[in-house]
Number of protein chains: 2
Amino acid sequence: MSRVTWSRVSYAATMAGMDDDRSLPLRERKKLRNRRALADAALRLFAERGFDATTLEELAEEAEVSKSTFTRTFEAKEAAGIEAEAELWAAFLATVDAGVPKGPVLDGLHRALADAMAGLDGTWDARFLATRRLAVAEPALLRYVEHHRARVREQLAAGLAARLDLDAEDLRLHVLAELAMTAFSIAGRAWVRGGGAGGRASLLAGLADAIRAVPASLDLAAE
Amino acid sequence: MSRVTWSRVSYAATMAGMDDDRSLPLRERKKLRNRRALADAALRLFAERGFDATTLEELAEEAEVSKSTFTRTFEAKEAAGIEAEAELWAAFLATVDAGVPKGPVLDGLHRALADAMAGLDGTWDARFLATRRLAVAEPALLRYVEHHRARVREQLAAGLAARLDLDAEDLRLHVLAELAMTAFSIAGRAWVRGGGAGGRASLLAGLADAIRAVPASLDLAAE
DNA sequence: GGCGAGAATGACCCTCGGTGTCATTTGATG
DNA sequence: CATCAAATGACACCGAGGGTCATTCTCGCC
């Protein structure tokens, strides 16, 4: 009953980049290292020779593991290329799950996203930028990011419903989840276009702008 | 220069269900019939034996065409299963492209979506319902729908920018595109849960509710 | 009505992502 | 140290999707 599921812990650990945290069991640390090695290899090889031109075998060889280990670690070839993206949203969901600040929910989500980003390890900025650049160039990766975000959106809406004690199908929750993530998405696009200048601080500033654009958009009228 | 690209016409024709419209060249009518036969076969077989358990060969055989024709007609196995969904969004984009009504843009998009839906052929309701039921049961199809909608969202934002003479990167446009489609998505979910009762009229009513939830969501506060 | 050009189709090949199996290795535990 | 569980690697397999090429059909023109 009180059995610890290390697999879950290990993923959270990856998020913080503590893949050699001595507090983790050795077995878990090894799994994390494999995961990180594969994700790094993916970032490198996909950028170098393209997504389609990279086979799973090459990826596995670059990370010095077997193809079997790859397929057990990632649910798809694409997933290895967007680890940084996945880390962000996992941290975000965890933050929201820990509690939504009082006040307008959209502001709370904004705050949670900023907090989550603050907790990511130092290498995240560069890895995220690389991920997003790949996504722009490779349709398959872009598609996968969309898919991943849609799942996060669902979990977010469900988490909010639990937190705020509202019906899980409350339209407002779904709209809010969509809004928060769209705001980030828009900010991210601009940030990447600017080469990621200013690091995550600048990305956060863009996010704040995008959040402000939400109420403004409702006032936009044709003609 | 004035050469007609029939392929585009044929897709629009499929939308209206006029796959035996005598005004179309015979060659195009045949292509449309193949397309429709494959989409229908997909709806049938995917529901019957599951998405994964259906091979392209079986699909092709059911529609009495070759596997080659399938891969030339659809960009993925999933695409055949969500034709009804695709028809809706194609009609929507076409409507928006024809002009956005004056007044608040979100209302204009709401109107455009309603108009687009009104123009779909009579078999659409049932086919759309079947499509959505499949999407709920089959993760692969759900993922594909997300991907498809994301592409529509981009085109919508771009189309709005052109129509309203705004910058293509204007945050408000992206937010609005997201909002309109999310509203439909939420309404659709409820409609499917209710077994599609009331046909498209009832779906439209749900859409109106969802659109109204947008400003309401911004007022939602924690605690 | 017949003819030539071009488009669509079908039969066939191949690559590779993803799954399942099974033996082997390695970390955890008492 | 012995036992057990979990992770790994080697291997075989299926099927989606892409490419090639010969064949068939539609269209525009004579």
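Just a few scattered comments:
- Yes/no for residue A:156 being within 30 Å of residue B:103 (Cα to Cα) and assigned to a helix (DSSP H, G or I): no
To keep it simple, each residue is scored yes or no on (1) at the interface with another protein chain (Cβ under 10 Å from one of its Cβ atoms); (2) under 18 Å from residue B:189 (Cβ atoms).
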{"position": "A:161", "(1), (2)": "no, yes"}
{"position": "A:166", "(1), (2)": "yes, yes"}
{"position": "A:172", "(1), (2)": "yes, yes"}
{"position": "A:175", "(1), (2)": "yes, yes"}
{"position": "A:182", "(1), (2)": "yes, no"}
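- Residue match in the stretch A:145-154 (condition: surrounded by 16 or more Cβ atoms within 10 Å (Cβ to Cβ) and over 15 Å from the mean Cα position of the chain (by Cα)): no
- Filter result (over 21 Å from residue B:47 (Cα atoms) and in contact (Cβ under 8 Å) with a residue 12 or more places away in the chain) within the stretch B:123-153: B:149, B:152, B:153
- Lone qualifier among B:119, B:99 - being more than 27 Å from residue A:188 (Cβ to Cβ) and either more than 13 Å from chain A (Cβ to nearest Cβ) or in contact with a Ser or Thr (Cβ under 7 Å, 6 or more places away or on another chain) (or both): B:119
- Set A:182, A:123: member being polar (S, T, N, Q) and farther than 26 Å from residue B:207 by Cβ: A:123
- Of the residues making up the stretch B:25-74, those that are of a type in the set (A, V, I, L, M, F, W, C), over 20 Å from residue B:141 (Cα atoms) and either near DNA strand D (Cβ under 8 Å from one of its atoms) or assigned to a helix (DSSP H, G or I) (or both) are B:26, B:32.
- Residue in the stretch A:186-199 that is within 17 Å of residue A:92 (Cβ to Cβ), touching a helix residue (DSSP H, G or I) at 6+ places or on another chain (Cβ under 8 Å), surrounded by 17 or more Cβ atoms within 10 Å (Cβ to Cβ) and among the small types (Gly, Ala, Ser) present: yes
The rows are residues; the columns are (1) touching a Cys at 6+ places or on another chain (Cβ under 7 Å); (2) away from DNA strand C (no atom under 11 Å from the Cβ); (3) within 15 Å of residue A:123 (Cα to Cα); (4) at pLDDT 95 or above.
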position	(1), (2), (3), (4)
A:3	no, no, no, no
A:13	no, yes, yes, no
A:21	no, yes, no, no
A:25	no, no, no, no
A:28	no, no, no, no
A:38	no, yes, no, yes
A:47	no, yes, no, yes
A:54	no, no, no, yes
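- Restricting the stretch B:192-223 to residues that are more than 12 Å from chain A (Cβ to nearest Cβ) and assigned to a helix (DSSP H, G or I) leaves a set whose member that is nearest to residue B:131 (Cα to Cα) is B:192.
- Test: residue in the stretch B:98-109 that is without any contact (Cβ under 8 Å) to a residue 40 or more places away in the chain and within 16 Å of DNA strand C (Cβ to nearest atom): no
- For the stretch A:169-184, the set of residues classified as over 23 Å from the mean Cα position of the chain (by Cα) and either in a loop (DSSP other than H, G, I, E, B) or at pLDDT 90 or above (or both) consists of A:169, A:170, listed by residue number.
- Checked against (1) within 16 Å of DNA strand D (Cβ to nearest atom); (2) in a loop (DSSP other than H, G, I, E, B), residue B:100 passes all but a single condition, namely (1).
- Looking at B:134, B:109, just one residue is in contact with a Leu (Cβ under 8 Å, 6 or more places away or on another chain), buried (at least 19 other Cβ atoms within 10 Å of the Cβ), outside any loop (DSSP other than H, G, I, E, B) and within 12 Å of chain A (Cβ to nearest Cβ), and that residue is B:109.
- Within the stretch B:56-89, if we keep just the residues that are surrounded by 14 or more Cβ atoms within 10 Å (Cβ to Cβ) and among the basic types (Lys, Arg), the residue that is farthest from DNA strand C (Cβ to nearest atom) turns out to be B:77.
- The stretch B:52-80 residues that are away from chain A (no Cβ under 14 Å) and at positive phi, paired with ones that are of a type in the set (A, V, I, L, M, F, W, C) and near DNA strand C (Cβ under 8 Å from one of its atoms) (beta carbon under 7 Å, 6 or more apart): none
The values are calculated or read from the model by the stated rules, or taken from the named source; none is laboratory data. Note that the structure is a prediction, hence the values are computed from the model and not measured. With ideal geometry, Cβ positions are generated from the backbone for all residues, glycine too; neighbour counts draw on all protein chains shown.
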